[in-house]
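The values are calculated or read from the model by the stated rules, or taken from the named source; none is laboratory data. On a predicted model such as this, the values are computed, not experimentally measured, just so you know. Note: ideal-geometry Cβ built from the backbone for every residue, glycine included; neighbour counts use all protein chains shown. When the accessible area is computed, the model is the full protein with side chains, heavy atoms only, and any ligands, DNA or RNA have been set aside. Shrake-Rupley method; radii C 1.70, N 1.55, O 1.52, S 1.80 Å.
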Amino acid sequence: MKTLRVYIDKDKHELYEQLVKRGSDNPDNHPFQTMKDLFMVAACIGARNNSFEEIKSSKDIFNSDVFDEKTDVPILASLAFQKEKSLSVLNDEKKILEIAQGYANRGIDDVYNAILNNPGRPLFNYIEWLLEQIES
């Protein structure tokens, strides 16, 4: 994937900040190591729930070159194909990223609510929620 900037909605940046580990913070409180990791989960959850929301006011959070070519890029391409139902989308890296951003823009709310809006430690809430997602 050529280097593009990855965007989230400015209003959702605080949600990312609360979930991503910062420095030596306890991972029990911030279960995601990087913004990319959280973005990938949010995009997948958005796609799983067929919840897509265009970014209204964008904030860039990282470069697309952090996506792993063997794992992340195929997942993002799959999400784009699922939405567009056309193989031609697979040739358009910018469109793939735009679709992922729309899914992540909506999916981040579900991730945040499951992890931080429930009693208990965020890491344990995340693990429990992931297991629920797998079982349903």
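Structure notes:
- Efficiency of FRET between Asp11 and Asn91 - r from beta-carbon atoms, R0 25 angstrom, step 0.05: 0.20
- For region 9-79, the fraction of 1.4 Å probe accessible surface lying on carbon and sulfur atoms is 45 percent.
- For the chain: relative contact order, % (alpha-carbon pairs under 8 angstrom, 6 or more apart): 36
- FRET efficiency estimate (nearest 0.05) - Cβ-Cβ, Glu54 to Glu135, R0 30 angstrom: 0.45
- Length released on extending from Asn63 to Asp28, taking residue separation times 0.36 nm less the Cα-Cα span: 9.9 nm
- Computed from backbone phi, the HN-Hα couplings of region 28-40 come to 4, 8, 10, x, 9, 6, 9, 4, 4, 4, 5, 4, 4 Hz, rounded to whole numbers (Karplus: 6.51 cos²θ - 1.76 cosθ + 1.60, θ = phi - 60°; Gly and Pro given as x).
- Long-range HN-HN contacts of Ser58 with modeled amide H, under 5 Å: Lys10
- Listed peptides 44-55, 64-75 by packing density, highest first (mean Cβ within 10 Å): 44-55, 64-75
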